[in-house]
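Colleague: Can you read through this structure? Questions will come right after.
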Amino acid sequence: MNSKQRVHAALRREPVDRLPVFMWFHPETAQRLARLLEIPVSGVAEAMGDDVRMTWVNNNYAMEGIVHEHEGESHVDIWGVQWTRQYGFNQITGFPLAQSSRDDVLRYQFPVSHQDELLRLMLPVMAHQQDYFVGCDVSPCVYEMYWRLRGIEMALLDMVEAPEFANEMLKRCADFSLQLSVGAVERYALDWLWTGDDVSSQLSMLMSPTTWRKLIKPHLARIVAVGKAKGLWVAHHCCGALRPIIPDLIEIGIDVLNPIQCNCTGMEAFELKAEFGKQLAFMGGVDTQDLLPTGTVDEVRRATARLIEGMTRDGGGYILAASHTIPPETPDENIFAMYQEAGIAREAIYDRAAQIRKAAIRA
C-alpha cells in the first residue's frame, strides 16, 4: 500500500498494511530530528513515514508557514494580524480590530485579492498526490479567525452583547474560508478538506454549546458542505474539551476529528471511540503533556500500543497522531518508540533519510 491507499482504507475501516500516521512537531523538535537524520527540516515528515501531505491556505499559513529564525522577530500578515516568534512558535501580538468600533469592524476588508496567491501554496503538496493522501487546510474557519482579528475578549463580548453584529462578522470569516474551499476543491484533486476552529479550553468550551450552535455551527456547516459535495473526507481540528458538540460535528458531515487531547475534560479516547466511532474517525490521542516528554521508552510503547488497539477495534477509523505538536523536550527514543508501535521501524526511517540525502545530491 502507498500512503494514499493506506489512509483511505483506514478511514473506510478496511484492512491496512500498517496504521497511517500524521504527526506534527514543534519547530525545535523538527530541527533536532533533521540534524539527527542529516536532512533538511522539509524532509522530516517524509523520512519519519508520515502518510499525509497538507498545507495551510488560510490564516494558519501566517502562523505556521512563515518561519522566523530568531525569538522576538515579527511580521504583520495580509489580514493585519501581527505575529511574533515566542518559544519557537508564532504568537499573536497585535489584533487589528481590537480597539475598533463596531462600525469600523464592519468596514474591515478580508484579503480576497490574495486568494489565488494563497491557493498556490498547495502546488508543492500536489506534487505528491499520486502516492500520498493530500489535503488543504482552510482553517481557521469561523470563531478562531474572528478572535485573531478582534482579540479573544472582544470577540466573546461581541457574541454576548451584540449577537447579530457578531454573527455578521463570523459569517464574513466563514465566507473567506468557504471561498478558499471552493477554489481548492475545484483546482486540486484533494483527498480531504481540513477545517478547524479552536472553541474550547482544557476544561470546557469557551462559550456555551447553545451559543456555538447558534452563531458558529451554521457557518461551519457551509464550509463542510463544499468538501462533501466533491465526495471528499472532511476533517476538523479543535483543541480542548469539545465533547458537547461532537454530535453536531457529525451532523454537519465531519468525518475525522483531531487532535483528541486526552488530558482535557471528556476527551478520553476510548470513550469517544465507543460513543462516536461508528460515525467518526479519529486522529490524535498520544499524550504530549506527560507521556511523550517524561515517560520511559517502555511506557511510551505500552501506551501507544494500547491506544492503537483500542482505537482500531472496529477495523480502523484511526490515524496515529499526537494530541498536539511533539514538544522539544521529548527524547528521541520516545519518538522512535511511538513510530515503532505504528509499524514504522527506526531502520526504515534512517533508510528514507539516506534516500533523501542521495536525492539532494543528484539535484
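No lab work stands behind these numbers, since they all come straight from the coordinates. As the structure is a prediction and not an experimental result, all values here were calculated from the model. Here the Cβ positions follow ideal geometry from the backbone for every residue, glycine too, while neighbour counts run over all protein chains shown.
Colleague: Going by average Cβ density within 10 Å per residue, which order do the peptides 43-55, 307-319 take, highest to lowest?
Modeller: 43-55, 307-319
Colleague: Among the listed pairs 230/358; 171/273; 230/278; 4/214, give every one whose C-alpha distance is greater than 30 Å.
Modeller: 230/358; 171/273; 4/214
Colleague: Can you figure out the FRET efficiency of residue 164 with residue 275, using R₀ = 30 Å and their beta-carbon distance, to the nearest 0.05?
Modeller: Once the sixth-power term is evaluated, E becomes 0.30.
Colleague: Moving to a separate point now. Take the Cβ-Cβ distance between residue 106 and residue 153 as r, set R0 to 22 Å, and report the resulting FRET efficiency rounded to the nearest 0.05.
Modeller: Plugging the Cβ-Cβ distance into 1/(1 + (r/R0)^6) gives 0.70.
Colleague: Where in the chain are the helices, taken as whole DSSP H runs, whose Cα atoms extend 27 angstrom or more along the long axis and whose Kyte-Doolittle mean reaches at least -0.5? Please report the intermediate quantities before stating the final value.
Modeller: On the way: long enough: 163-187 (35 Å, -0.09).
Length and hydropathy pass: 163-187.
Colleague: For the modelled label position 7 Å from the Cα of residue 265 along Cα-to-Cβ, which residues of the range 199-216 have backbone nitrogen atoms closer than 13 Å?
Modeller: Label zone hits: 200-209.
Colleague: A further question follows. Hey, got the dipole for the chain? About the Cα centre, +1 on K and R Cβ, -1 on D and E Cβ, debye to the nearest 20?
Modeller: About 880 debye.
Colleague: Sort 74-83, 219-228 by the packing proxy (mean of other Cβ within 10 Å over each peptide's residues), most packed first.
Modeller: So the order, starting with the most tightly packed, is 219-228, 74-83.
Colleague: Would you mind calculating the relative contact order of the range 258-363 from Cα pairs under 8 angstrom and at least 6 residues apart, reporting the percent as a whole number?
Modeller: 30
Colleague: To continue, here is another question. Put a dot 7 Å past each Cα toward the Cβ at residue 347 and residue 71; how far apart are the dots in nm?
Modeller: Output for this residue pair reads 4.1 nm.
Colleague: Here's a follow-up. Using the per-residue mean of other Cβ atoms lying within 10 Å as a proxy for protection, in what order, highest first, do the peptides 323-330, 156-163 fall? Mind dumping the intermediate values first?
Modeller: Working: 323-330: 19.0, 156-163: 15.8.
Descending mean neighbour count gives 323-330, 156-163.
Colleague: Given the Cα-Cα distance of residue 302 and residue 13 and 0.36 nm per residue of separation, how much length would full extension add, in nm?
Modeller: Residue separation times 0.36 nm, minus the Cα-Cα distance, leaves 101.7 nm.
Colleague: Something else: Roughly what % antiparallel, to the nearest 5, for the DSSP beta bridges in the chain?
Modeller: Expressed as a percentage, antiparallel bridges in the chain total about 30.
Colleague: Counting only C-alpha contacts under 8 Å and six or more residues apart, can you give the relative contact order of the chain as a whole percent?
Modeller: Taking the mean separation of contacting Cα pairs over the length of the chain, I get 20 percent.
Colleague: Read through the labelled values [x] 22.3, 88; [y] 20.0, 62; [z] 19.1, 57 and report the label of the one computed as Rg and Dmax of the Cα atoms in Å from the structure.
Modeller: [y]
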